[in-house]
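Undergrad: Quick one: structure below, then a few questions.
The values are calculated or read from the model by the stated rules, or taken from the named source; none is laboratory data. All values reported here derive from a predicted model rather than from experimental measurement. FYI the Cβ positions are ideal-geometry reconstructions off the backbone, even for glycines, and counts take in every protein chain you see. Keep in mind that these areas ignore ligands, DNA and RNA; they rest on the heavy atoms of the full protein, side chains included. Shrake-Rupley method; radii C 1.70, N 1.55, O 1.52, S 1.80 Å.
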Amino acid sequence: MYKNLYKSWLDSNKLNEKEIKELVEIEKDEKEIEYRFGKDLEFGTAGMRGIIGLGTNMMNVYTVKRATQGLAEYIKTLGEKAMSKGVVISYDTRRMSFEFAYASAIVLATNGIKTYIFNDVHPVPMLSYAVRELKTVAGIMITASHNPKEYNGYKVYGEDGAQMPPEATAEVVKYIEEIGDALSDKILYDEEKENKVKIVPKSIDKKYYKTIKKLSLSRKEVKKVGKNIKLVYTPVHGSGYVPVTTILKKMGISAMLVPEQTKKDTEFSTVEVPNPEMKETLTLGIKMADFNKADVVFGTDPDCDRLGVAVRDDKGAFITLSGNQAGILLLDYILKRLNETGKLNKKGFVVKSFVSTGMAKLIADDYGVELIETPVGFKFIGEKIKQLDDTGKRKYLFGFEESCGYLRGTHCRDKDAVVASMLFAEMVCYYAYNGVGIYKRLMELYAKYGFVYDTNVSVKYSGLNAMKEMNAVVDKMKSVDLSEIAGIKVLAMRDYSKAIKKLANGSVEELDSPKTNAVYYELEGGSFICMRPSGTEPKLKVYYSIKEQNDELALEKFERLKGEFEKFIK
């Protein structure tokens, strides 16, 4: 089957000379042909993400056109009003990002759907904001987030500005499948329709900055010390350069830029992977900060929805904060400032993914606000905002995921590293004004709530059946009856694929959660272990949140739990 598909693409008159050459070069590589043509690139609740190249299982203009035609067919079923509301498209600095955005725009315009596109790279949060502000029926973001340079992706947003929910995604997938092959004549594409595509008005950018600046919590403190704070920022060659520097300037906070990493570079040539969660990605920023005796280093990923942070420890050396550590610092700061200024809403709630640190609940409880847990994926946090804040039932205060994604405000419905940069910089100013460093504040939180060690371990998979194999491992664990792990009692096992919790006494409770394939073990003493397949890359992820008296005891417990749990997996 895959051989026939490969030959049909090779013989197609739709491919240009360069594309045909790319396919000819792999004609003797059976494994590569199978990988490229062995299946269609999956379109799931996180859209598509894959390696750039020709083939049905790859990211290329043809698979992008096919996905967009499927989206167009879905929008047509919603009626003429939806078609006239249209779709807004953005893209980051990756290989082929503009080409994929342009192809998507032409397909939509050819199908008679109003289409907007940004005139330059714009991050995820500004795309989400534009969907809401322009009142479009959908949005498309071309990005593979923090993946290696060989990847690109295609994310679809609903009219609320959040990533499209599972039900609507299933409808889009149905229409995509009906198209058949990515070279099908059912895909409508007429470049003469380019004049129908509108550029997103510049006023959208101005409104975005004005909106997020209102989320500031410590203007007096920023005014007093903002110009004295030494902050180093790197966009890591991505789309965060303009928006992050713009909002910091508007706040009156000075930022030094890593010059080698401000330019758009599809190869991300100064880093191994453009992922600000990794200390290696912030190396140049830390080097610059040391030379200039700076206080803090920020880094954002290519689509600027994740913020990585490095701060000085009590010995003056830079350490990178985990997403969980940055998350609890921001959570505590936001609740603390709202409380101090008398603006902490009694109906307030915060949201985190269930794999993020258990420490969040201790902080939320202390301030008297509800903590809600969701599956991994910021669309689920956006869903909670829609259900509770949009309806006036509750007030959304903050949401975060351990993968360095944060959101304050309801202006967009995805991770926003622009807002996170603004708030974290402001937090640095607030604590500096009060004679406290960020690291010291983190230690104060551990002293108050108890030490929690959070980490995750990834097991890499490869090949066409990677997702199937990872899901099989997770499914297998659901049938393993665990009463204890490494001598620590298992209080309950959550099976998120069935949305149930099995308690140690044998009773079963229902979980108020969307279904996803993950198993979660509640351990005695407030610790947990969770396992799930990644939705964006071929990795099986195991999360550990270990509550102990100090870091030494937590690390010792982690090693014991990890060693024992990996035996079960194998």
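Undergrad: Given the criterion touching a residue at least 40 places away in the same chain (Cβ under 8 Å), small (G, A, S) and touching a strand residue (DSSP E or B) at 6+ places or on another chain (Cβ under 7 Å), identify the matching residue among G285, G226.
TA: Result of the check over G285, G226: G285.
Undergrad: Working only within the range 79-100, note down all residues that are in a helix (DSSP H, G or I) and either at pLDDT below 95 or not charged (D, E, K, R) (or both).
TA: A82, M83, S84, S97, F98, F100
Undergrad: To continue, here is another question. Are there any helices (runs of 4 or more DSSP H) wholly within the range 301-418 with 2 or more residues that are out of contact with any strand residue (DSSP E or B) (no Cβ under 8 Å at 6 or more places or on another chain), and if so which?
TA: Per the criteria, 323-340, 359-367.
Undergrad: Also, I was wondering about something else. Take L127 and decide whether it is open to solvent by 10 Å² or more (accessible area, probe 1.4 Å), more than 21 Å from E267 (Cβ to Cβ) and either in contact with a Leu (Cβ under 7 Å, 6 or more places away or on another chain) or at pLDDT 95 or above (or both).
TA: When the stated conditions are applied, L127 does not pass them.
Undergrad: To continue, here is another question. Filter the range 512-526 down to the residues that are farther than 30 Å from S145 by Cα and either surrounded by fewer than 20 Cβ atoms within 10 Å (Cβ to Cβ) or not aliphatic (A, V, I, L, M) (or both) and list them by number.
TA: If the condition is that a residue be farther than 30 Å from S145 by Cα and either surrounded by fewer than 20 Cβ atoms within 10 Å (Cβ to Cβ) or not aliphatic (A, V, I, L, M) (or both), then E522, E524, G525, G526 are the ones that fit.
Undergrad: Can you name the residue in the range 409-442 that is crowded, with 23+ Cβ neighbours inside 10 Å and among the charged types (D, E, K, R) and, of all such residues, is farthest from G348 (Cα to Cα)?
TA: Among them, the one singled out is E426.
Undergrad: I need the full set of residues from the range 443-471 which are open to solvent by 50 Å² or more (accessible area, probe 1.4 Å) and under 12 Å from Q325 (Cα atoms), in order please.
TA: Selection gives M443, Y453.
Undergrad: Which one of these is among the β-branched types (V, I, T), part of a helix (DSSP H, G or I) and in contact (Cβ under 8 Å) with a residue 40 or more places away in the chain: V474, V542?
TA: Answer to the check: V474.
Undergrad: Out of all the residues in the range 193-200, is one or more assigned to a helix (DSSP H, G or I) and touching a strand residue (DSSP E or B) at 6+ places or on another chain (Cβ under 8 Å)?
TA: Among the residues of the range 193-200, at least one is assigned to a helix (DSSP H, G or I) and touching a strand residue (DSSP E or B) at 6+ places or on another chain (Cβ under 8 Å), which makes the answer yes.
Undergrad: Please give the number of the condition N228 fails out of (1) in a loop (DSSP other than H, G, I, E, B); (2) open to solvent by 10 Å² or more (accessible area, probe 1.4 Å); (3) at pLDDT 95 or above; (4) out of contact with any Asp or Glu (no Cβ under 7 Å at 6 or more places or on another chain).
TA: (3)
Undergrad: Please go through the range 328-346 and give me each residue that is farther than 18 Å from V436 by Cα and in contact with a Leu (Cβ under 9 Å, 6 or more places away or on another chain), ordered by number.
TA: The answer is L338, T341, K343, L344, N345.
Undergrad: Here's a follow-up. Among the numbered criteria (1) assigned to a helix (DSSP H, G or I); (2) in contact (Cβ under 8 Å) with a residue 40 or more places away in the chain; (3) more than 21 Å from G240 (Cβ to Cβ); (4) not aliphatic (A, V, I, L, M), which one does K76 miss?
TA: Going through (1) assigned to a helix (DSSP H, G or I); (2) in contact (Cβ under 8 Å) with a residue 40 or more places away in the chain; (3) more than 21 Å from G240 (Cβ to Cβ); (4) not aliphatic (A, V, I, L, M) one by one, K76 breaks only (2).
Undergrad: Hey, L397 hits all of (1) within 29 Å of E522 (Cβ to Cβ); (2) open to solvent by 10 Å² or more (accessible area, probe 1.4 Å) but one; which does it fall short on?
TA: (2)
Undergrad: Out of the residues in the range 201-219 meeting the condition of being in contact (Cβ under 8 Å) with a residue 60 or more places away in the chain and assigned to a helix (DSSP H, G or I), tell me which one is farthest from N111 (Cα to Cα).
TA: In this case the residue turns out to be K213.
Undergrad: Just wondering, is there one or more residues in the range 527-534 that are part of a loop (DSSP other than H, G, I, E, B), open to solvent by 30 Å² or more (accessible area, probe 1.4 Å) and not charged (D, E, K, R)?
TA: no
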